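The values are calculated or read from the model by the stated rules, or taken from the named source; none is laboratory data. What you see is a predicted model; the values in this text were computed from it and never measured. Cβ atoms come from the backbone with ideal geometry, glycine included; neighbour counts cover every protein chain shown. Heads up: the accessible areas ignore ligands, DNA and RNA and are worked out on the full protein's heavy atoms, side chains in. Shrake-Rupley method; radii C 1.70, N 1.55, O 1.52, S 1.80 Å.
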Amino acid sequence: MLKKELVCIVCPNGCQVEALIEETPALKVLEVSGCTCDKGIAWVEQEIVNPMRTIASSIVVEQGDFELVSVRTDTAIPLGKIFEVMDIIQHKRVKAPVTIGDRLIENPAGVPCHIIATRNVGVQP
Amino acid sequence: MQVIKRDLVIIGGGPAGLAAAISARKNGLKDILLIERDKILGGILNQCIHDGFGLHTFREALTGPEYAQRYIDEFHKLGIEVMLETIVLSLDNNRQISVSSKEGFVKIQAGAVILSMGCRERTAGAISLPGTRPSGVYTAGAAQNFINLQNKQIGNRVVILGSGDIGLIMARRMTLEGATVAAVFELLPTPSGLARNVQQCLNDYDIPLFLSTSVFELHGTDRLTGVTVASVDETFQMIESTKRFVPCDTLLLSVGLIPENELSLGAGVNLEATTSGATVDDTYMTSVPGIFSCGNVLHVHDLVDHVSEEAALVGQSAVRYVTQKTVRDSASIPIEAKQDVRYVLPQTVSGKTDFTVSLRVTRPMANGVVMIKDKGRKVAGKKIVRLHPAEMIRVKVKAKNIETAEKLEVSVQC
Amino acid sequence: MENQYDVIIIGAGVVGNAIARELSKYSIRVAVIEKELDVSMGTSSRNSGVLHSGIHYKPGTLRARLDVLGNSLMADLCNDLKVKMNYLGKLTVAQDEEEVKSLYILKEQGQANGVPDLAILDTDAMRKIQPNVGGIKALHSPSTGIICPYSLTIALAENAYANGCHFYLGHRVTALSKQGDGFDVTASGKRFQSRVLINSAGLYSADICAMLGINDYKIYPCRGEYLILDKRLDGSLKVLVYPAPHKGKAGLGIHLTNTVSGNILIGPSNEYQDDPEDYACTARIMALLRKEGHELLPDLKTADFIRSFSGLRAKQTSPGKGGFEDFVIESREDVTGFVNLVGIESPGLTSSPAIALMVKDMVAKLLTLKRKETFEGTRSGMAGYFHQLPDEQKADLVSQNPDYGEVVCRCEQITKKEVLDAISNPLGVQTINGIKYRSRAMMGRCQGGFCLPRIVQILEKEFGYNPEDFLLKSKDSQLFLGKMRQDVV
């Protein structure tokens, strides 16, 4: 049994959390204390087993009234996959126009998420 | 020169100005004008492409541009008038505004004015950072603009001074883009930014955060070549024996934000020393009748959600001022920051309506109670597990509890 | 030959450029060679910006004569060049009877130097000029003024350029030799020839001498640090206020100085050092200046400090000796054609127009100088900035050119038109600091936090800059390493 201290990142409250963990036979969260909401408890359980993050970046737009369109993953992805996904984002090019919510990349690096636009980019006048 | 009239003029089209305009319209006011100096609405949110906005307002983790767009869409749907690429040159205490744009000079007589100009970043000059003046030294917000809006690679090896939220966000952003962030240095013994940002922006990427440590010299005559850092004692004096050189080509400064109140000063608005923002009553009216203030120009907020909420209240107050020609209630009750409280807002209240006190504490504390008292009698209180200077605290006060109050004092009891 | 000149001037500071402009009145070929990418990069932009009246200098010295003459020439010169200056006057204040005596000595010395309208004032009279000033008596010197030193230096250079003078910026002189009747000059690999060579290299003037085998001089760089205060405090000082000289107190002491732009300066300090290029500011001096500032201006707030800078005086007196030596301005007999200026420290800025006249007379003995009929001594444009104009005039200008309606630098209210003018400067200077010194954008309280991104956008979209083209001030001071995302995969 192992005690682990974490800062919950679900919301800006940033609760300081303690989790009791069993490592064998399989990684398992036995008890969570310090969370002030249910979402936090679920996050801690996930964080111990497989930490997940939403990432935000930007993609080059061709013929846009703006050089870049800001993007994010539409759902949290495994922390360990971030740089693989970033690599795909960095090399992607899209054509204007782009609308908020447009799905610009599907399942980058095989990760079950989509990269969506977070701003509108019009066509270069 | 052309002089036009508007019932309400809002200066600044960032989150505060947008929310104030929308709220004013929804409260029945028709003749509203919003003035924005940029080409687009949304203010600084446009460059804050990370997520985490709107958790309170929309129960979703939106990015800055997405959060802004929701307000921009609503603003346009309501058909509110806006002047873009227009700068306010001056505002006087009779609410006359001079503006300039490509179309020319215009004077506007406003029935009421809402100040929502936001804030600016403290600079290397403002903190008297010693050493040379090479290129490669940026405020975190300027760096964010260059990277997120202008597609510029600003550096390879980065040091960040100050652990404000923008600095932490930029540490992650630059790491994701392939730069090496050598370290974040913070003069204070605690991080200035939110705990979740320390976790997801630094810890996730093994970026070290050195507390009670600061940059003491910049090196390099052309481009930055490195910085001298050292630890400080309790009085923030450098500990000579801890001095060390950290090579880097880029230094980002995240050392604080200052409300942009130059226009407010021109109108004779009284400012408060701690917040560098206006002193306001519970309608968020400043010392000059008919001039209101909200958002980061009033006090630097932790979350945009709080800005929007505050601005909506101010929009409503401004409408009441315009339509009912309300004058300030004569019996104003002062509110003062006491034990462990850095500042409180508003600074005076009428005592006739319920209101919310916003405050920040001076130091991190655990299991505290924010107490609001009138001559030792408790009128409101809030239990809080963790109190941190980075976080704004809000406490509701009922008017019926302060009917006889002369002065309210806000303190923290642990 | 293309690189053949009648006169080559080394150093594009205020003195070199004043000489260049003076000589551009005559039918000769003149070039200025400067190691930095812009003019006014050394001492000329890094000083208090004060036009000294001339009370402090020993009668009969070059400093006394050239300062008083330079001061009197400045009004017309600035009027022609559209440079903002202001003879706002100075009070030298005595705190006790001992110091009062020194005021009378200064007054006598000033009168001997020809300084106009000096008067000793009693407490009431001096407080009419500057309310709340402490002290019992003061010497009032109405001809003391303030000027923007880099605006003057840039204006002199641009006017010289407009009148045919060539500028080689970013050219460091590496070798000099006397060849027959003239000089061979090598600068950054390029060769030049001239009949007359003028050394106005400031901190490097002794090095230039040494290249010609003249080892008579040594320059001791002496650093002065300053803090710049927010414009909020503009108006706190009606005139310059200096303490009276006091036995045992060296130099002019740390004091407050108004600037034509409304920012008050605190400084300068006085520290000898070895490196003629080290413009660092130090923690120790800055702390001292801040403390001093709070004592002199009780209303001063922490947020009022917006920037610091330092400059280096080209002193001929060693650290052990201190004090001042007179300017060296000589036409060398041992190296015919070499006009040599060494140790032009304070009051070099004030003296510059007078130094230019003196050097012109020296050149006239070496070359035939014939007046050029085409010389145009006035610069177009306005002294000061758009936002300082009356509303009606502003409205007029905006209707003529919409770029005047767009404010790029919000702190200093600098318009896009002014920024565009600075970018398209006649000398072709392309650094960010070049734009800053010419337009005043980025000089306000946000220090470019908001307007630098905007200016970068203008340079990229309207002038075709690539990310690598953005230089802060020197060849190796890139702002950006490249694009974050390349256009083509």
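Each Lys and Arg Cβ is given +1 and each Asp and Glu Cβ -1; about its Cα centre, segment C:356-422 then shows a dipole of about 600 debye.
Extension gain, B:K400 to B:N93: 0.36 nm times the residue separation minus the Cα-Cα distance gives 107.1 nm. Computed from the C-beta positions of C:E108 and B:T323 and an R0 of 60 Å, the FRET efficiency is 0.25 to the nearest 0.05. With the simple model of a label 7 Å out from the Cα in the direction of the Cβ, C:K365 to C:K291 spans 5.1 nm.
By accessible area, using a 1.4 Å probe on protein heavy atoms only, chain C has 49% of its surface on carbon and sulfur. Taking every Cα-Cα distance in segment B:330-414 and sorting them into 5 Å bins starting at zero, the pair-distance distribution P(r) comes out as 3, 16, 30, 26, 14, 8, 2, 0 percent. Taking 17 Å as the straight-line reach from the Cα of C:K416, the aspartates and glutamates in range (excluding those fewer than 8 positions away in the same chain) are B:E36, B:D38, B:E85, B:E103, C:D396, C:D403, C:E406, C:E460, C:E462.
Given R0 = 22 Å, the distance between the Cβ atoms of B:D206 and A:S33 translates into a calculated FRET efficiency of 0.25.
Share of carbon and sulfur in the accessible area of segment B:267-414 stands at 50%, probe radius 1.4 Å. Within straight-line reach of B:K398, meaning a Cα separation under 19 Å, sit the following lysines at least 8 residues removed in sequence or on another chain: B:K352, B:K373, B:K375, B:K378, B:K382, B:K383, B:K407.
Taking both sides together, the accessible area buried where B meets A is about 2700 Å² for a 1.4 Å probe.
Computed from the alpha carbon atoms alone, the convex hull of chain C holds 170 Å³ per residue. The convex hull drawn around the Cα atoms of chain B, when projected onto a plane and averaged over every direction, covers 21.1 nm².
A Cβ-based charge dipole, computed about the Cα centre of the protein assembly as shown with Lys and Arg at +1 and Asp and Glu at -1, lands at about 1040 debye.
Treating the angle as unsigned and between 0 and 90°, give the value, to the nearest 10°, between the Cα long axis of helix B:64-77 and the longest Cα principal axis of chain B. In chain B, helix B:64-77 runs at an angle near 20 degrees to the longest axis.
Residues of segment B:70-107 that bury at least 50 Å² of accessible area when the other protein chains are present, relative to the chain alone (probe 1.4 Å, heavy atoms, ligands and nucleic acids excluded): B:I87, B:L89, B:K102, B:F105. For segment A:56-117, the calculated P(r), taken from all Cα-Cα distances in 5 Å bins from zero up to the bin holding the longest distance, is 4, 20, 34, 23, 12, 6, 1 percent.
Considering only alpha-carbon pairs that sit under 8 angstrom and 6 or more positions apart, the relative contact order computed for segment B:1-134 is 33 percent. The apolar share of the surface of segment A:2-49, taken as the fraction of accessible area on carbon and sulfur atoms (1.4 Å probe, ligands and nucleic acids excluded), comes to 50 percent.
Entry note, segment A:56-117: relative contact order of 38 percent, from Cα contacts under 8 Å with a spacing of 6+ residues.
Beta bridges assigned by DSSP with both partners in the protein assembly as shown are antiparallel in approximately 70 percent of cases.
Surface burial for C against B, with a 1.4 Å probe and both sides summed, reaches about 4200 Å² of accessible area. Taking every DSSP beta bridge that has both ends in chain C, the antiparallel portion is near 70%. Rounded to a whole number of µm²/s, how large is the Stokes-Einstein D of segment C:386-469 at 4 °C and 1.567 mPa s, given Rh as the Kirkwood radius over C-alpha pairs? Value of D from the Cα-based Kirkwood radius: 99 µm²/s. Kindly express, to the nearest 10 degrees and within the range 0 to 90, the angle between helix B:165-176's C-alpha long axis and the longest C-alpha principal axis of chain B. Once rounded, one gets 50 degrees.
Normalised by 2.2 N^0.38 Å, where N is the number of residues, the alpha-carbon radius of gyration of segment B:123-255 equals 0.97. Along the axis of the charge dipole computed for chain C (Cβ charges of +1 for Lys and Arg, -1 for Asp and Glu, origin at the Cα centre), the listed residues C:P298, C:P149, C:C281 are led at the positive end by C:P298. Taking the DSSP beta bridges with both ends in segment B:123-255, the antiparallel portion is around 40 percent. The sum of -39500 (n - 2.57) across all DSSP H runs of n ≥ 4, divided by the residue count of chain C, sets its helix-only mean residue ellipticity at 222 nm to -9500 deg cm²/dmol.
Summing charges over neighbours of B:F216, with a neighbour being any other residue whose Cβ is under 15 Å away from its Cβ, gives -1 when K and R count +1 and D and E count -1.
In the protein assembly as shown, the C-alpha radius of gyration followed by the widest Cα-Cα span (Dmax) gives 31.3, 100 angstrom. For trypsin sites (Lys or Arg not before Pro), the sites in segment B:1-70 that DSSP calls loop and that have at most 16 other Cβ atoms within 10 Å are B:K30, B:K39, B:R59. Measuring nothing but how far apart in sequence close Cα pairs (under 8 Å, 6+ apart) lie, relative to its length, chain B scores a relative contact order of 16 percent. Relative to the longest principal axis of the Cα atoms of chain B, the long axis of helix B:15-26 makes an angle of roughly 20 degrees. At a probe radius of 1.4 angstrom, the accessible area of the protein assembly as shown per residue rounds to 40 square angstrom. My understanding is that a pair violates if its Cα-Cα distance is over 24 Å; which of C:K25/C:K90; C:K321/C:K473; B:K102/C:K231; C:K107/C:K128 do that in this structure? Over 24 Å apart, Cα to Cα: C:K25/C:K90; C:K321/C:K473; B:K102/C:K231.
Here is the size of chain A from its Cα atoms: Rg then Dmax, 18.5, 63 Å.
From a point 7 Å beyond the Cα of B:E240 in the direction of its Cβ, which residues of segment C:264-296 have a backbone N at a distance under 17 Å? Counting backbone N atoms under 17 Å from the label point, the list is C:283-285.
Using the Cβ-Cβ distance between C:Q179 and C:Y272 with R0 set to 35 Å, the FRET efficiency from 1/(1 + (r/R0)^6) comes to roughly 0.40.
Hull volume per residue, based on the alpha-carbon atoms of segment A:2-49 and their convex hull, is 54 Å³. Stokes-Einstein, applied to the Kirkwood radius of segment C:255-323 over Cα pairs at a viscosity of 1.567 mPa s and 4 °C, places its translational diffusion at 94 µm² s⁻¹. At a threshold of 40 Å², the residues of segment A:88-125 that become less accessible to a 1.4 Å probe in the full protein assembly than in their chain on its own are A:Q90, A:R93, A:I100, A:T118, A:R119.
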